[in-house]
Amino acid sequence: MNGSTPKYAHAEIERRWLVDLPAAGSLDGLPCCVIDDLYVADTRLRLRRMEDAASTVVFKFCKKYGGEDISEAIANLYLTEAQYRTLSGLPGQRVRKRRYAIAGGALDIYGGVSSLAIFEIEFATVAEAVSYRPPAFARVEVTRDPAYSGAALAVSRGVPAR
């Protein structure tokens with residue numbers, strides 16, 4: 001990030017892989033969080049609604065600044081439900097996924113015909129990220145592939161454009 005992070009932002013250091021779902025094991029009985037994202041048109045903004053297994057709902061508005069390699073500056077603002085409703089009318093593309101906490105990271109399963117599954121994990125440092133060995137079910141790394149960004153998956157409705 002060129003050594004400087006915008007004010008109020010923090011570095012998000014993560015890696016992502018396509019998943020072989022059968023190799024990940026059964027998800028039956030595991031709690032999941034349902035995430036609805038709106039990627040606002042012509043911006044780097046994301047509006048998010050997250051509902052966990054206990055029906056607790058969290059609303060966030062995120063700015064992604066772009067980044068280098070596996071690190072990107074982001075800033076999150078937590079919203080009330082009324083604020084979320086106001087912003088949810090913005091133009092953009094939506095995507096829904098189910099998130100499971102497994103293997104120290106997050107397994108995101110996108111709806112739709114393909115049931116695309118992506119495992120992602122965040123790190124405190126770039127060095128940790130570089131040295132990390134993913135679990136066996138994480139098959140193909142897509143960290144640097146823009147077709148697998150959340151915004152691209154919203155546009156393609158969970159089916160990567162190839």
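Note on VAL19, VAL40, VAL140: ascending count of other Cβ atoms within 10 Å places them as VAL140, VAL40, VAL19, the fewest first.
For segment 21-162, with only Lys/Arg (+1) and Asp/Glu (-1) charged at the beta-carbon, what is the dipole magnitude about the Cα centre, in debye rounded to 20?
The calculated dipole for segment 21-162 is roughly 400 debye.
Selection among THR43, SER71, TYR100 by position relative to the dipole of the chain gives THR43 as farthest towards the positive end (Cβ unit charges, Cα centre). In the chain, helical runs assigned H by DSSP with n ≥ 4 each contribute -39500 (n - 2.57); averaged across all residues and rounded to the nearest 500, the mean residue ellipticity at 222 nm is -3000 deg cm²/dmol. Structural descriptor for segment 10-155: relative contact order 34 percent, calculated from alpha carbon pairs under 8 angstrom and at least 6 residues apart. Sorted into 10 angstrom bins from 0, the C-alpha pair distances of segment 18-61 split as 23, 33, 33, 11 percent. Between ASP145 and GLU81, the simple label model (points 7 Å from Cα in the Cβ direction) yields a spacing of 3.9 nm. The fraction of all Cα pairs in the chain landing in successive 5 Å bins from 0 to the largest distance is 2, 8, 16, 21, 22, 18, 10, 3, 0, given as whole percents.
Every number in this text was worked out from the coordinates using simple rules, so none of it is lab data. Keep in mind that this is a model prediction, so the values were computed, not measured. All Cβ positions, even for glycine, are placed from backbone atoms using ideal geometry, and neighbour counts span all protein chains on display.
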